[in-house]
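Beneath this line is the structure, given in structure tokens, with notes to follow.
All of the numbers you see were taken from the coordinates with simple rules; none came from a lab. Everything numeric in this text was worked out from a predicted model, so none of it was measured. Reconstructed Cβ throughout: ideal geometry from the backbone, glycine too, with neighbour counts over all protein chains shown.
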Amino acid sequence: MEDFLDRSDELHIEVLRVLENVRAYPGIRHEVALVACGLAFEHALGLRLLVRTACYSSALAMMRMQYEAIARGVWLLYAASDAQIEILSSPLTVGSEAAAKKMPMFSAMLGQIIDKAPPQPSRMLQGFKDQNWDAMNSFIHSGVHPLRRHVEGYPPELIETVVRNSNGLNVMALQLGTVASGDKRFEGVVRALQEKFNDALPGLISPLD
């Protein structure tokens, strides 16, 4: 597991290197989407740190936070209204917090993504949700999954699957970040990175069960 975590760290460093000093395409929509990518990367790092300290229940809960940060970024880039972008890019105040409560819930947000975003990110987000939503909810809400795993233990194969899925989400966040940059020089970068780190990425979406 340590070797696999080290390899995952290498992937994370490479992703951050690609996006280092990247500026968003002119426009607040792209800037806020890039911020969401940054959140996703932070959650991925947190997940691996929790795995390294054997805090597995907390690590699996982090998976949903990483996933939702990426989904939010895709929604911001392709589906959010200008008014919603303005609210989420405003300084944090009592007023902006109240306005943000009117944002669509996750299922509605994903539906808007499917309607308005390109097919590839829509399929990936929906596919990940179909496979893992119930388990992710269970870990967030202290349901049957974490209660039983905390007693019975976590199989190493499950933890590797979690880290592998998180690595895949990191690559998806990278792809979103390159799109938000509007820089054509990034064409082919994501595919090259996928080939280089194929051993650390999921071949297909892997369920958490």
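Count, please, the residues in region 131-153 that happen to be surrounded by fewer than 19 Cβ atoms within 10 Å (Cβ to Cβ), without any contact (Cβ under 8 Å) to a residue 12 or more places away in the chain and not aromatic (Phe, Trp, Tyr).
Looking only at region 131-153, we keep the residues that are surrounded by fewer than 19 Cβ atoms within 10 Å (Cβ to Cβ), and these are 131, 133-134, 137, 140-144, 147-153.
Within this subset, residues satisfying the condition of being without any contact (Cβ under 8 Å) to a residue 12 or more places away in the chain are 133-134, 141-144, 147-148, 151-153.
Narrowing the set further to residues that are not aromatic (Phe, Trp, Tyr) leaves 134, 141-144, 147-148, 151-153.
Summing the residues that are surrounded by fewer than 19 Cβ atoms within 10 Å (Cβ to Cβ), without any contact (Cβ under 8 Å) to a residue 12 or more places away in the chain and not aromatic (Phe, Trp, Tyr) in region 131-153 gives 10.
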>> If I ask for residues that are in contact (Cβ under 8 Å) with a residue 40 or more places away in the chain, closer than 17 Å to Ala40 by Cβ and assigned to a helix (DSSP H, G or I), which ones from region 76-110 would you list?
In response: Leu76, Leu77, Tyr78, Leu88
> Which residues, counting only those in region 135-194, are part of a helix (DSSP H, G or I) and acidic (Asp, Glu)?
Replying inline: Glu152, Glu157, Glu160
> So which residues in region 111-123 are touching a helix residue (DSSP H, G or I) at 6+ places or on another chain (Cβ under 6 Å) and part of a helix (DSSP H, G or I)?
Replying inline: Ile113, Ile114, Lys116, Pro121, Ser122
